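Peer 1: Got a structure here, written out as structure tokens. Questions coming.
A short reminder: the numbers here are calculations on the coordinates, not readings from a lab. For clarity, every value in this text was computed on a predicted model and none was experimentally measured. Methodologically, a virtual Cβ is constructed for each residue, glycine included, from the backbone with ideal geometry; neighbour enumeration extends over all protein chains shown.
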Amino acid sequence: MIKHRYAHEIDPNGGSAAAVLARMVEPGQRVLELGTGPGTVTRILHDKGCKVTGVEMDPDTLATCAPFCERTLQANLEDPLWWQPLEGEKFEVIICADVLEHLRDPRPLLEKLPVFLREGGCVLMSLPNASHLTIVASLLGGRFPYQKNGLLDNTHLKFYGREDLDALLRECGFLWQHWHTVQVDPSQAELKQYWNDLEASDQEFLKARGADGMVYQHVVRAFPTSAAGHLNKLQKDLMELEQSHRAEVSRMYEKFEFEKQAWLVEQASVADRTKAEAKQKELEFNSQMNLLLEVQENTQNTLAWTEGQLDNHKHSMQELTTEILSLKTSTSWRMTEPLRTLLRKISG
């Protein structure tokens with residue numbers, strides 16, 4: 001296997017443009033891949049059982065893809081007659097993965113593609129985004145620094161923002177149906193030094209005002225603007241809307257279930273707190289009642305003791321009164337009366 005400048009391993013389930021493109025192809029579909037490169041996408045499609053016809057200009061590079069293709073075609077996509085060996089063939093999907101930006105004029109290629117699409121077929125493409133914040137930052141620094149790869153790959157001849165790509169598709173007879181963006185923070189991209197040289201306030205301003213500033217690549221699915229193409233686009237839109245609706249309903253249901261469970265837990269907690277509070281109040285009430293009963297018992301005991309003491313005093317008073325009456329009626333009391341009278345006179 002030769003070493004290729006674009007050769008790299010990708011996670012089929014990851015977020016790269018190549019992985020996203022490959023996931024947009026259904027298993028077993030017949031695919032025309034234009035500009036295979038070293039076969040990054042081709043290998044994934046082969047693993048999905050797709051029948052791939054690979055078109056590539058470089059013979060050595062094309063040879064690396066051959067084991068993963070049903071057929072290969074060496075051709076320069078800028079040659080007006082590149083398509084002749086494929087005349088009469090139809091495909092369900094045509095892929096242009098990071099290809100259009102390498103062409104001097106991609107319009108002749110795009111205008112020819114509907115001929116090779118089966119009814120309901122689509123074109124999938126990925127392109128770097130010219131309005132990524134690192135490119136803006138490099139321009140602010142007076143630079144447009146071509147690189148060996150990435151956004152400013154030195155083999156890129158065309159640069160597109162979202163509106164540019166949309167206009168190109170319409171001009172060439174296509175309507176996009178699904179638009180996905182691969183986002184890369186400017187502090188992580190290959191031109192990050194130009195971004196890091198900016199003041200923090202300038203970075204915040206550009207993030208707030210820049211169109212698609214975080215978008216590193218655009219990934220688009222488009223249909224021809226024919227009646228059948230419009231119908232297919234509407235059908236795809238309807239399917240995606242239905243999927244989105246189902247996902248939203250599922251999300252709302254999950255949210256409802258979560259909130260319901262939270263409410264039930266809260267109510268159970270409130271009930272537990274109410275029970276605990278009621279039990280505490282019952283304990284406090286019983287304690288107070290026991291205290292009152294104890295006070296009542298003590299009071300009754302005190303009253304009984306007091307009544308007993310009063311009865312004793314009454315009995316003593318009766319005995320004393322009886323003794324006094326007995327004394328006053330005694331002989332000695334009568335005999336001493338003159339003496340008591342004399343003493344009262346003397347003391348008076």
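Peer 1: Please list, ordered by chain and number, the residues whose modelled amide H lies under 5 Å from the amide H of Q177; skip anything fewer than 5 residues away on the same chain.
Peer 2: R221, A222, F223
Peer 1: What pairs from K148/K192; K260/K281; K158/K192 go past 24 Å between their alpha carbons?
Peer 2: Among K148/K192; K260/K281; K158/K192, the Cα-Cα distance tops 24 Å for K260/K281.
Peer 1: Residues in the range 29-45 near a label at R71, defined as backbone nitrogen under 15 Å from the 7 Å Cα→Cβ point?
Peer 2: Correct set: 30-34.
Peer 1: So what is the relative contact order for the chain, in percent, with contacts set as C-alpha pairs under 8 Å and at least six apart?
Peer 2: Taking the mean separation of contacting Cα pairs over the length of the chain, I get 12 percent.
Peer 1: Let me ask something else. What is the order of H102, H315, fewest Cβ neighbours within 10 Å to most?
Peer 2: Details: H102 17, H315 10.
Taking fewest neighbouring Cβ atoms as first place, the list is H315, H102.
Peer 1: Could you compute the FRET efficiency for E171 and L81, with r as their C-beta to C-beta distance and R0 at 25 Å, rounded to 0.05?
Peer 2: 0.70
Peer 1: Now, a different point. To the nearest 20 Debye, how big is the dipole of the range 28-152 about its Cα centre, given +1 on the beta carbon of each Lys and Arg and -1 on that of each Asp and Glu?
Peer 2: 280 debye
Peer 1: Here's another thing I want to ask about it. Specify the angular offset, from 0 to 90 degrees and rounded to the nearest 10, of the alpha carbon long axis of helix 200-209 from the longest principal axis of the alpha carbons in the chain.
Peer 2: Relative to the chain, helix 200-209 is tipped by roughly 70 degrees.
Peer 1: Now for a separate question. Among C172, C65, which comes first, second and so on when ranked by fewest other beta-carbon atoms within 10 Å?
Peer 2: Lowest to highest Cβ neighbour count: C172, C65.
Peer 1: Let me ask something additional. Which label belongs to the value computed from this structure, given these candidates for Rg and Dmax of the Cα atoms in Å: (1) 51.1, 173; (2) 24.7, 87; (3) 22.4, 70?
Peer 2: This structure yields the entry labelled (1).
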